[in-house]
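To start, the structure under review is shown below, and the notes come after it.
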């Protein structure tokens with residue numbers, strides 16, 4: 001009798017194109033997933049409504065010490081990750097809806113979205129491109145070998161908008177309150193600074209931790 005082969009594990013990856021932390025963690029978390037043979041389910045999500053539902057505040061409404069500390073952390077993590085992140089990019093903040101929905105459109109068309117995500121994120125934080133413009137998003141898709149104009153057109157449809165809205169509901173149901181969040185077997189790892197903990201959980205194969213432990 002042959003030994004039983006364990007089913008591949010899956011990871012739910014909740015993110016936003018406007019999040020610098022998503023950019024910082026994208027390459028590392030994809031590398032962890034690949035190393036462990038994990039199936040990644042991608043969920044672009046609008047952060048504003050998630051913050052509102054979970055007690056978070058948009059950046060301009062946070063206390064000045066928190067805003068200043070965020071800039072310190074971005075500088076620390078760009079050095080640690082070895083990326084040329086601009087802490088004050090030229091075209092940020094912007095409405096990330098179309099960028100996020102273009103990623104959904106790519107998935108709905110059968111394309112793996114990882115490279116497109118990386119190109120969009122670097123477009124904001126490294127290249128300082130205006131990802132609020134449809135033509136810039138299309139160029140990002142073209143750069144990774146995807147049909148940019150076609151995907152941007154598909155992104156602006158009721159079908160894709162409905163999926164984007166459904167992702168918000170999935171995030172809230174999973175106790176996600178910020179981006180990026182990686183959910184493994186119901187256990188939330190919030191933030192790109194938790195990727196090492198995610199890696200350790202996958203390596204050990206331990207049971208997921210739960211918040212209702214007495």
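Brief remarks on what is shown
- Every residue from the stretch 128-159 that is closer than 16 Å to residue 90 by Cβ, part of a loop (DSSP other than H, G, I, E, B) and touching a helix residue (DSSP H, G or I) at 6+ places or on another chain (Cβ under 9 Å): 129, 130, 131, 132, 133
- Test for residue 23: is it buried (at least 19 other Cβ atoms within 10 Å of the Cβ) and in contact with a strand residue (DSSP E or B) (Cβ under 7 Å, 6 or more places away or on another chain): no
- Only one entry in 123, 48 is in a helix (DSSP H, G or I), at pLDDT below 95 and within 18 Å of the chain's Cα centre (by Cα), namely 48.
- The stretch 41-64: number of residues that are over 21 Å from residue 92 (Cα atoms) and without any contact (Cβ under 8 Å) to a residue 60 or more places away in the chain: 1
- Leading residue by the ranking (surrounded by the most Cβ atoms within 10 Å (Cβ to Cβ)) among those in the stretch 169-197 that are part of a helix (DSSP H, G or I) and touching a helix residue (DSSP H, G or I) at 6+ places or on another chain (Cβ under 6 Å): 171
- Per the conditions (1) modelled with pLDDT of 95 or more; (2) over 19 Å from the mean Cα position of the chain (by Cα), the sole criterion not satisfied by residue 55 is (1).
- Filter pass, residue 112 being out of contact with any helix residue (DSSP H, G or I) (no Cβ under 9 Å at 6 or more places or on another chain) and either more than 16 Å from residue 46 (Cβ to Cβ) or modelled with pLDDT of 95 or more (or both): no
- Considered as a group, the residues in the stretch 28-45 that are within 14 Å of residue 8 (Cβ to Cβ) and under 12 Å from the mean Cα position of the chain (by Cα) include one that is surrounded by the most Cβ atoms within 10 Å (Cβ to Cβ), and that residue is 40.
The values are calculated or read from the model by the stated rules, or taken from the named source; none is laboratory data. Values in this document were obtained by computation on a predicted structure and should not be read as measured data. Positions of Cβ are generated from backbone atoms using ideal geometry, with glycine treated the same way; all protein chains shown enter the neighbour counts.
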